1. Could you go through segment 9-16 and let me know if any residue there is in contact (Cβ under 8 Å) with a residue 12 or more places away in the chain and either surrounded by 21 or more Cβ atoms within 10 Å (Cβ to Cβ) or in contact with a helix residue (DSSP H, G or I) (Cβ under 6 Å, 6 or more places away or on another chain) (or both).
2. Could you please give the count of residues in segment 6-33 that are of a type in the set (Gly, Ala, Ser) and over 14 Å from Pro76 (Cα atoms)?
3. I need the full set of residues from segment 137-180 which are more than 17 Å from Ala127 (Cα to Cα) and at pLDDT 95 or above, in order please.
4. Filter segment 105-147 for residues that are in a loop (DSSP other than H, G, I, E, B) and either of a type in the set (A, V, I, L, M, F, W, C) or without any contact (Cβ under 8 Å) to a residue 12 or more places away in the chain (or both) and give the result.
5. Restricting segment 79-129 to residues that are of a type in the set (Ser, Thr, Tyr) and surrounded by fewer than 21 Cβ atoms within 10 Å (Cβ to Cβ), which is nearest to Ser156 (Cα to Cα)?
6. Taking Asn104 as meeting all but one of (1) at pLDDT below 95; (2) touching a strand residue (DSSP E or B) at 6+ places or on another chain (Cβ under 9 Å), write down the number of the exception.
7. Here are some residues: Ala73, Ala69, Ala39, Ala30. Which one is out of contact with any Gly (no Cβ under 9 Å at 6 or more places or on another chain) and closer than 21 Å to Gly117 by Cβ?
8. Within segment 65-89, which residues are in a helix (DSSP H, G or I), closer than 22 Å to Ala15 by Cα and not aliphatic (A, V, I, L, M)?
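The values are calculated or read from the model by the stated rules, or taken from the named source; none is laboratory data. All of these numbers come straight from a predicted model, not from anything done at the bench. All Cβ positions, even for glycine, are placed from backbone atoms using ideal geometry, and neighbour counts span all protein chains on display.
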Amino acid sequence: MKTPEIAIDIRQEVARSLQRAPIVSVVRTASTEEAGRVARLFLDSGLELVEITFTVPGASRLVRELLAARGAAGPPWIGMGTVTTAARAQEAVAAGAEFLVSPNTHPAMAEIGRAHGKYLILGALSATEVVAAHELGADLVKVWPLPPVGGPAYLSVLRQPLGDIPMLAGGGYGVEEIPAYRAAGAIAFGIGAPLLGATPEESRQRITRALALARGDSRGDVRGDGPVQDGR
């Protein structure tokens, strides 16, 4: 007799992964091949959420390939970023993306994500935008871009009246800046290029360091400073 498949709540499971490993690792490259290499490095290095942005050529095809290679259900989870429109949301859902990330707050995009049970990370910057994203059903609000507007200081002030809304710090900062954003109230961190070193081993060391800092453990002896190129 065939064992029946057990349905899982993707949103709940992604939330659990973020509690264990509070980093959404961003893959944004100029080629599909490079994106695949970076994504597999992230997947093999302890990161539980890997975001393939729509700016990657053939992004949805790559998501399908990564999901097929994974086989069984996650973690790790594979999602799509730069989901700025309803059309992109539909494409991401069709590709099997398990979470959706946007730099903006688009009602139709959010509706599609929620209708399909996807974990939803909506982008916002002002208090008005953060509340709007939350009301649209965002599981996590990505405050972005933080460095140009004051970084952790801005996030700290924003959270004073909005501390009940879970927020991810996004927008292009280095690994060693994670503790400041954590102290300001971020519960998750969107980061990509600064996780990459000159070699796979150096990248794994940076990822280990970033995960330790994201969890609140600063005892790691590997510093993770790197080029800051993220802009989602």
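1. Scanning segment 9-16, I find at least one residue that is in contact (Cβ under 8 Å) with a residue 12 or more places away in the chain and either surrounded by 21 or more Cβ atoms within 10 Å (Cβ to Cβ) or in contact with a helix residue (DSSP H, G or I) (Cβ under 6 Å, 6 or more places away or on another chain) (or both), so the answer is yes.
2. Going through segment 6-33 one residue at a time, the tally reaches 3.
3. Listed by number, the residues that qualify are Tyr173, Gly174, Val175, Glu176, Glu177, Ile178, Pro179, Ala180.
4. Hits for segment 105-147 are Leu125, Ser126, Leu136, Ala138, Trp144, Leu146.
5. So, considering only residues that are of a type in the set (Ser, Thr, Tyr) and surrounded by fewer than 21 Cβ atoms within 10 Å (Cβ to Cβ), the one nearest to Ser156 (Cα to Cα) is Ser126.
6. (1)
7. After applying the criteria, what remains is Ala73.
8. Arg70 - this is the single residue of segment 65-89 that is in a helix (DSSP H, G or I), closer than 22 Å to Ala15 by Cα and not aliphatic (A, V, I, L, M).
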